[in-house]
Amino acid sequence: MSRRYAEEDRPVAPEAGRGAESGELVRRERRNTPRNRYGGFDWVATFLGFAVAVFFLTVLLGIVAAIVGSVGYQLGAQVPKVGGSVSGATQQLGIGALVGSILTLVLSYLIGGYTAGRLARYDGMKNGLGVVVWTVLIVIIFGILGAVLGSQFNVASQLHLNVNLSALTTGGLISLAATLLVMLIASGLGGWLGGHYHKKIDRDARFSP
């Protein structure tokens, strides 16, 4: 008797295929509906990420410059003249400043990309790369303003700047390409980390499998 009643009281499992399919549809709809509404490129989030990146870049470059300047003063390194010889201490300081500048650039755009991805919530890597898009746009705008003001007020001659256009064309393009590559990698990684933060929360809240 006890065995028969135990078998009768045993809960009946729902249909495996139908239940799993409906549950998967519910989870997919919960996951896709907010993404369709709020996902994509967020101009506000990417601009704020750009502002954060510029802030950290300014502060950290100031720290690097202060460290290099203080070390150079203690070592008695002289500022090299154009066309003159460069001492060993000055070369080491230049290498240190270059390494510090690259690390500063990586860290600043990593934080800026993380900010953009965190604010946008969805499509973190895309919005992290948007920080570089804002950087390029701002540089183009200031470049146009500089060209206009330079042609009207002849800024280069007033500042006694001898600009070698051929040197800017060769070395400048290489430096620009390397800088953009570093910025893209750092901001994209930061954006992915910022978006991944929300994915962990959604996973814990059972919005995503």
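The values are calculated or read from the model by the stated rules, or taken from the named source; none is laboratory data. Fair warning: this is a prediction, and the values are worked out from it, not measured in the lab. In this analysis, Cβ positions are derived from the backbone assuming ideal geometry, glycine residues included, and neighbour counts consider all displayed protein chains.
Summary table below
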item	result
Qualifying residue in segment 139-147 (condition: modelled with pLDDT of 90 or more, in contact with a helix residue (DSSP H, G or I) (Cβ under 6 Å, 6 or more places away or on another chain) and outside any loop (DSSP other than H, G, I, E, B))	no
Checking Tyr122 against (1) surrounded by 16 or more Cβ atoms within 10 Å (Cβ to Cβ); (2) in a helix (DSSP H, G or I); (3) at pLDDT below 90, the condition it does not meet	(2)
Yes/no for Val99 being at pLDDT 85 or above, assigned to a helix (DSSP H, G or I) and surrounded by fewer than 17 Cβ atoms within 10 Å (Cβ to Cβ)	yes
From Gly188, Gly172, Gly194, residue being in a helix (DSSP H, G or I), modelled with pLDDT under 75 and within 28 Å of Ala51 (Cβ to Cβ)	Gly172
Pairs with Cβ under 7 Å, 6+ apart, first in segment 48-61 and under 19 Å from Gly100 (Cα atoms) and in contact (Cβ under 8 Å) with a residue 60 or more places away in the chain, second among the aromatic types (Phe, Trp, Tyr) and crowded, with 16+ Cβ neighbours inside 10 Å	Ala53/Tyr109
